[in-house]
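The values are calculated or read from the model by the stated rules, or taken from the named source; none is laboratory data. Only a predicted model underlies this, so the values are computations on that prediction, with no experimental measurement involved. Methodologically, a virtual Cβ is constructed for each residue, glycine included, from the backbone with ideal geometry; neighbour enumeration extends over all protein chains shown.
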Amino acid sequence: MPTNNRPMCFQQTKAWAVLTIAGFACAGVSPASADTCAPYDADAPYQLVFAEEFNDNELDLVRWTPELLWGPGVIINNEMQYYVNDGQFNYNPFVINDGVLSIQANKAPFDRSRLYLTQSVYSSTSAEVLWRQPEGAVSYDVNRDGAQLGSVTGGAWFEPALRDGIDYAYEITARDVNGNALSTEQITVNTSTRSQPSVRVPFSLELDRKIYSQTSAEIVWRPPNRAAYFDIQSASGTQRLVGRNYDSLYLDAIRPDVDMEYTVSAYDLCDELVIEDSIIINTSDGQTPSEVSDRLVIAASIYSPQTAEISWNAVADATEYDVLDNGVVLGTQAGRSLFVDDMQPGTDRKFLVIALDEEGIELDRTTRTLNTADASFALNRQPFVSGVLTSYDSFRFKYGKVEMRAKMPKGKGLWSAFWLLNAYYHDAEPEDPEIDIIEAIGDQTTTANHAYHTKRDTDGDGVTDSTDSDEFRAVIPDFSEQFQTYSVEWTPESITWFVNDQVTAEVTGERVSKEQMYIILNLAVGGTFPGAPDENTQFPASFDIDYVRVYQRLP
């Protein structure tokens, strides 16, 4: 599995050159190094390039990431589970015994005495505080920022007229029929946490420039998901930026009043050109206007349980900003961000930022509360917890044979899946291919569901607007009674599905994926495909996996 002279993460263990993984990843290799770049050789024998036998007592979190790529807590397909990390909410969905991994779904471990506050933000000015209704509770007092707002009998309080980007501290108290307080909990609501819908545009670097003076400017772009490094070429030479997240280059020696052409080229880890674009910069065009606002809004980013950052917009006429942390003055600064590396999960940190003009007069102030602990959204909304594993951070590949030996659970509403998803969703390749190797529906235990999904651009504007799906059903031995093998063979010309080494489906032609893909294993509960569980569905349910292997034809 050589990748353009980068360190190899395997060792040769047999004379006939079958390759096995010598650890779940090379020590010190960044997650972006997961792509395999060896060319496909149709005449070469298959070699084992990825082998997970689950022989250790614990799940290896270097090899497997226990959440979906698009984020924890994201609910898709109307499913009823929340995918938790190991130990989150005091539940571990990943159990390994005697070389078998069990992904276990169970009823969510609610404490019936708690409110489990959460929020739904609908717009820049409207949001709702929501809670579970504890046993014995008949009414709920609602306080905001220390003031009583009212009392309700249901599990929600709607706010239609909030200010965007401002923290609002709510306290909800549950009371019994005699007015006694049963439980009190607090939550901070800020409408800037809402999901911001993005309009899909044709794939591009969105190259632009900012001019700061006659001799200084900046090139800015949107980094593609696939990018591993960028070459910026001009008349003075080429500069390389190594890293997937670079999105700008500052230029501090520009010749005034001269058209200067810059070409930005993005390359992936396999040294293939992803996309490039050019732009002309002439500082005589004048300084780029700064984006300013009359009101101060703080944005928050959480990077880990210990680290986070706040940043804020430029306020008109402001020259500096006072920053306070839980009432303690940190200082005055001209910059507009603060990095914090001593967060404690479960503990609120309330930051206050004050915008000041050149005379020190306050122009505006606002607060932002950070807490790196999970907000318990799942405990409020989802009645089940389960697990998902992906190889995205450790192993992504193009072409090969992928195999799993497993036993899937029986029961209405259970949905076990073993599938491949393209590594760069909604990016350089508009087809967004997905190969579902096996989807096992718990009340159809002798049916193997296979599928291949791709997106299509029907009007030629560079944005996909339709989905093409090839779906297959195959009659197989009961998947809940015994371990069986489920595999797919993926070549440049075809995708072929197998159950117990017997061909069950095939797709050929131009639609076959040519992208790097990664492995996903998950046990869903409910959703559009299986429907909801019923009173006969047994929990905990277990998706038992003996091994996962990937073979490739390597030169």
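Summary table
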{"quantity": "Pick from segment 96-123, criterion modelled with pLDDT of 95 or more and surrounded by 15 or more Cβ atoms within 10 Å (Cβ to Cβ), ranking: farthest from GLU159 (Cα to Cα)", "calculated": "VAL100"}
{"quantity": "Tabulated pairs, segment 37-58, first over 30 Å from TYR267 (Cβ atoms), second surrounded by 13 or more Cβ atoms within 10 Å (Cβ to Cβ) and among the aromatic types (Phe, Trp, Tyr), C-beta under 6 angstrom, 6+ apart or interchain", "calculated": "GLU53/TYR547"}
{"quantity": "Condition met for SER139 (more than 33 Å from the chain's Cα centre (by Cα), surrounded by 15 or more Cβ atoms within 10 Å (Cβ to Cβ) and hydroxyl-bearing (Ser, Thr, Tyr))", "calculated": "no"}
{"quantity": "Extreme residue, nearest to LYS210 (Cα to Cα), among residues of segment 238-274 that are among the hydrophobic types (A, V, I, L, M, F, W, C) and touching a residue at least 60 places away in the same chain (Cβ under 8 Å)", "calculated": "ALA266"}
{"quantity": "Selection count where residues are closer than 24 Å to VAL353 by Cα and not in a strand (DSSP E or B), scope segment 138-167", "calculated": "9"}
{"quantity": "Unmet criterion (only one of (1) touching a residue at least 12 places away in the same chain (Cβ under 8 Å); (2) out of contact with any strand residue (DSSP E or B) (no Cβ under 7 Å at 6 or more places or on another chain)) for LEU207", "calculated": "(2)"}
{"quantity": "Filtered residue count, segment 495-527, keeping only those that are modelled with pLDDT of 95 or more, among the polar types (S, T, N, Q) and within 22 Å of the chain's Cα centre (by Cα)", "calculated": "1"}
{"quantity": "Which numbered condition ALA300 fails, given (1) in contact with a strand residue (DSSP E or B) (Cβ under 7 Å, 6 or more places away or on another chain); (2) more than 19 Å from GLY165 (Cα to Cα)", "calculated": "(2)"}
{"quantity": "Only listed residue being in contact (Cβ under 8 Å) with a residue 24 or more places away in the chain, out of contact with any Cys (no Cβ under 6 Å at 6 or more places or on another chain), crowded, with 18+ Cβ neighbours inside 10 Å and charged (D, E, K, R), chosen from GLU481, GLU489", "calculated": "GLU489"}
{"quantity": "Lone qualifier among SER337, SER284 - being of a type in the set (S, T, N, Q), surrounded by fewer than 16 Cβ atoms within 10 Å (Cβ to Cβ) and more than 29 Å from the chain's Cα centre (by Cα)", "calculated": "SER284"}
{"quantity": "Boolean, GLU218 is in a strand (DSSP E or B), among the charged types (D, E, K, R) and surrounded by fewer than 17 Cβ atoms within 10 Å (Cβ to Cβ)", "calculated": "yes"}
{"quantity": "Entirely in segment 502-555, the strands (runs of 3 or more DSSP E) that have 3 or more residues that are farther than 15 Å from ILE435 by Cβ and hydroxyl-bearing (Ser, Thr, Tyr)", "calculated": "541-553"}
{"quantity": "Condition check for ASP432: in the same structural domain as VAL548 (by TED's automatic domain parsing), part of a loop (DSSP other than H, G, I, E, B), touching a Pro at 6+ places or on another chain (Cβ under 8 Å) and not β-branched (Val, Ile, Thr)", "calculated": "no"}
{"quantity": "SER126 being at pLDDT 95 or above and not assigned by TED's automatic domain parsing to the domain that holds THR390", "calculated": "yes"}
{"quantity": "Of all residues in segment 216-233 being farther than 11 Å from ILE281 by Cα and of a type in the set (S, T, N, Q), the one that is modelled with the highest pLDDT", "calculated": "GLN233"}
{"quantity": "Failed item in (1) in a loop (DSSP other than H, G, I, E, B); (2) surrounded by 15 or more Cβ atoms within 10 Å (Cβ to Cβ); (3) in contact with a Gly (Cβ under 7 Å, 6 or more places away or on another chain), with SER192 passing the rest", "calculated": "(1)"}
